[in-house]
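Just below is one structure, and these are the notes that go with it.
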Amino acid sequence: MTPEWVTVAILGKPRGNRGEVTAIALSSHADRYSALRTVHLFGSGQTAEIERVWEHEGTLIFKFRGVDSISDAEKLRGAEVRIPGSERVRIGADEFYHSDLIGCDLRERDSGRRIGAVTGVAEYGGPALLEIDQGRVLVPFVRAICAEIRPEERVILAELPEGLEDPDSE
């Protein structure tokens, strides 16, 4: 299920004095930003035309048409740079967008028992963790555990290691 809108970056502080704005990139596809032309800035209530996007010392920088001063750029702080879901970068068959996983039911593969709903996806440097029912359970998003992933059916079938659901299993 493709979401209506997808956030690809979050705007930060102004950079320089020509209306440039720093941003936190939310896509692992770096080339995705150079292809952007028009985006919706949720939080500022406007559509914006991009003049240029580039990376400077590990930070994404946006220059929008008509945003030509520090004060103009400051008004965009915190806005989400969103694109229509239909414009998401195509990914491989065994790759998944976080937004496609959120809302899926996590079920035991053998019994079909419902473990809970995926309410978030967290990344801490290792494999992503599926947050089940607001973090009641954290499930590593790896094939050895998440054996069948079917976002179109809103279900993930898992083979949970013993003790993963037990909060006292530390």
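Read-outs: derived from the displayed coordinates by stated rules, not from any lab. As the structure is a prediction and not an experimental result, all values here were calculated from the model. So basically every Cβ, Gly included, is an ideal-geometry build from the backbone, and we count neighbours across all protein chains shown.
Think of the chain as a dipole: +1 on every Lys or Arg Cβ, -1 on every Asp or Glu Cβ, centred on the Cα centre; then among 134, 48, 25, 48 lies furthest on the positive end.
Placing dummy labels 7 Å off each Cα toward the beta-carbon, the span from residue 46 to residue 95 is 3.3 nm. The slack in the chain from residue 17 to residue 77, taken as 0.36 nm per residue of separation less the alpha-carbon distance, amounts to 20.1 nm. Taking amide H as placed 1.01 Å from N in the peptide plane, the amide H of residue 148 sits under 5 Å from that of 157, each at least 5 places away or on another chain. Other residues with beta-carbon under 14 Å from the beta-carbon of residue 67 carry, at +1 per Lys or Arg and -1 per Asp or Glu, a net charge of +2.
For the chain, the relative contact order comes to 19 percent (Cα pairs under 8 Å, sequence separation of at least 6). Model label points for residue 34 and residue 57, set 7 angstrom from Cα along the Cα-to-Cβ axis, are 2.3 nm apart. Put a plus charge on the Cβ of each Lys and Arg, a minus charge on the Cβ of each Asp and Glu, and nothing anywhere else: the dipole of the stretch 5-87 about its Cα centre is then about 100 debye.
With 0.36 nm allotted per residue and the present C-alpha distance subtracted, the residue 144-residue 87 stretch has 17.4 nm of extension available. For the pair residue 119 and residue 133, label points projected 7 Å from Cα toward Cβ lie 0.9 nm apart.
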